[in-house]
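Following: one structure in structure tokens, then a few remarks.
The values are calculated or read from the model by the stated rules, or taken from the named source; none is laboratory data. Quick caveat, the model's predicted, so the values are computed rather than measured. Glycine also receives a Cβ, built like all others from the backbone with ideal geometry; neighbour counts cover every protein chain displayed. For accessibility, only protein heavy atoms count, side chains too; no ligands or nucleic acids. Shrake-Rupley method; radii C 1.70, N 1.55, O 1.52, S 1.80 Å.
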Amino acid sequence: MADFADNRLPVHGLDADAVLARLDDFAADDRDWRGGRVFSLVYNAGDDVLDLLTRASNRYSSENALNTMAFPSLGWMQHDIITITTGLLGGDRRPGGSAGVRGYLTSGGTESLLQATKTARDHGRVERGIANPNMVLATSAHAAFAKASHYFDVESRRVPVRSDGSADVDAMADAIDDDTVLVVGSAPSYPQGVIDPIPELGALALERGILCHVDACLGGFILPFLGTLGHITKEWDLSVPGVTSISADLHKYGYASKGVSIILYGDHDLARLQPFITSDWLGGLYGSPSMAGTRPGGPIAAGWAVLHHLGEDGYLRLAADAHRASSALKECILSTPGIALRGAPDATVFAFGADDAEPGIDTFALGDMLIERGGWFFDRQSPPPSLHATVHAGHAAVIDELCTDLAASAGELARTGVRAEDQSATYGTI
Ligand SMILES: Cc1ncc(COP(=O)(O)O)c(C=O)c1O
């Protein structure tokens, strides 16, 4: 554990090497994501991409995208990222083409979902006179929607998923009323990696005159390539009738540095509801497209750089690697007695744990043993108690070693019946 005993501002500053050495010390207890041990939070496309991200982000570490008149390069890069993303997420295949599609960069998936919810609230207020809005979403939709509900006073109506982990469209239809401003689908969902029936959700929204947001924060930069490779056939993007907005995180399967997500609206009048503009202070006309005021240039530059460095063939190669690794891990789970997959995951994200049909293994004890055996880190989640795996291209090299440790750990726990003392499932920071 890092020693913060003297945590006050040093009277005399330390030299840069000493400060950097301390950062290395602090990191000693962090999980080994570079070695492919972490199945959560980090996406790794290899050392050459990491080096590019560091250099691009350093180059723009001080520039501020709050004012693109001062830094037009950041305005231009954002425009380019949005145009590329529009093509990837089906904007070009909308009836009438991409002419009406508009988008913004945000700091991450959570901020994109906050914006989608706020835009829906404002749209309901302005266009439909709704004072007490609600949104209808599956229990699998990301926790950021709960945050959005809390921040913006939009009642959240969570509807249980079907046994395969997908959104139950009929039950969601029953939850909609005259005050519903937003229907949500995930592509895929975080907890079990399932792509919701987006065409049915879009049709439902269209029929009732409600907005429909697809949360493709997780899938937005891998599903298009898995589709090209023939691994995904479901429809899930902005080309689906009734879908009015979509979000995709460049800092997930886009393999960018942290701090960059994209939200696209299918219609520019809807998109216009997102930015905040005021002149009600002494500082002049102030406009801001997203939640933050100051917006760091580094993530934008790194995001732009990685898109252009990898290109379509790079993303196809990474998607193929991630798919191969996740298929191998799923195979290993399915063939190991006592453990099972949760739901019917579509892509490279899934959850697993004790097989209900063969009780015996404690899921969280399995997670603890994987950490002990090989430093393999899986987030815990619940309900039901599960270990969560986000498999990326960087895992391809280590998946066989993991499968050996997984089978051995499950075998040992089946024999000993050891249970984890700590049965809490926390994802995030409390
Ligand atoms: C489906 C989905 N939506 C939204 C988010 C939130 O993204 P962020 O952590 O970048 O805020 C995540 C994060 O894992 C996610 O998986």
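List of remarks:
- 3J(HN,Hα) along segment 124-138, derived from phi through the Karplus expression 6.51 cos²θ - 1.76 cosθ + 1.60 where θ = phi - 60°, amounts to x, 5, 6, 8, 10, x, 8, 9, 10, x, 9, 10, 10, 8, 6 Hz, with x in place of Gly and Pro.
- Length released on extending from L316 to S288, taking residue separation times 0.36 nm less the Cα-Cα span: 6.6 nm
- Counting protein heavy atoms only, the chain has 53 percent of its accessible area on carbon and sulfur, 1.4 angstrom probe.
- Charge-dipole axis of the chain as Lys and Arg at +1 and Asp and Glu at -1 on Cβ define it, positive-most pick from S257, S382, L334: S257
- Cα shape, the chain, gyration tensor, a/c 1.5 rule: oblate
- Spin-label proximity, R415 to segment 350-376 - amide N less than 18 Å from point 7 Å beyond Cα toward beta carbon: 360-362, 365-367, 369-370, 372-374
- Potential lengthening of the chain between D47 and D24 amounts to 6.5 nm, from the contour at 0.36 nm per residue minus the alpha-carbon distance.
- Extreme residue, positive dipole direction of segment 59-307, given options G227, I130, H213 (C-beta unit charges): G227
- The label-point distance for N67 and H12, in a model that sets each label 7 Å from Cα toward Cβ, rounds to 3.8 nm.
- Checking Cβ-Cβ separations below 4.7 Å across the chain identifies C212, C217 as cysteines lacking any candidate disulfide partner.
- Accessible surface computed residue by residue for segment 59-307, with neighbouring protein chains in place and a 1.4 Å probe, gives 40 Å² per residue.
- Whole-Hz ³J(HN,Hα) from phi, Karplus 6.51 cos²θ - 1.76 cosθ + 1.60, for segment 25-39, glycine and proline x: 4, 4, 6, 4, 8, 6, 6, 7, 6, 4, x, x, 8, 10, 10
- Cβ charges +1 (Lys, Arg) and -1 (Asp, Glu), total dipole of the chain, debye: 820
- Taking D267, D15, D368 as the candidate residues, the one with maximal mean-square fluctuation in a Gaussian network model of the chain, Cα springs under 10 Å, is D15.
- Whether segment 59-307 is rounded, prolate or oblate, judged on the alpha carbon gyration tensor where a/c under 1.5 counts as rounded: oblate
- Share antiparallel - DSSP beta bridges, the chain, percent rounded to 5: 60
- Cα centroid of segment 342-385 to Cα centroid of segment 119-144, whole Å: 33
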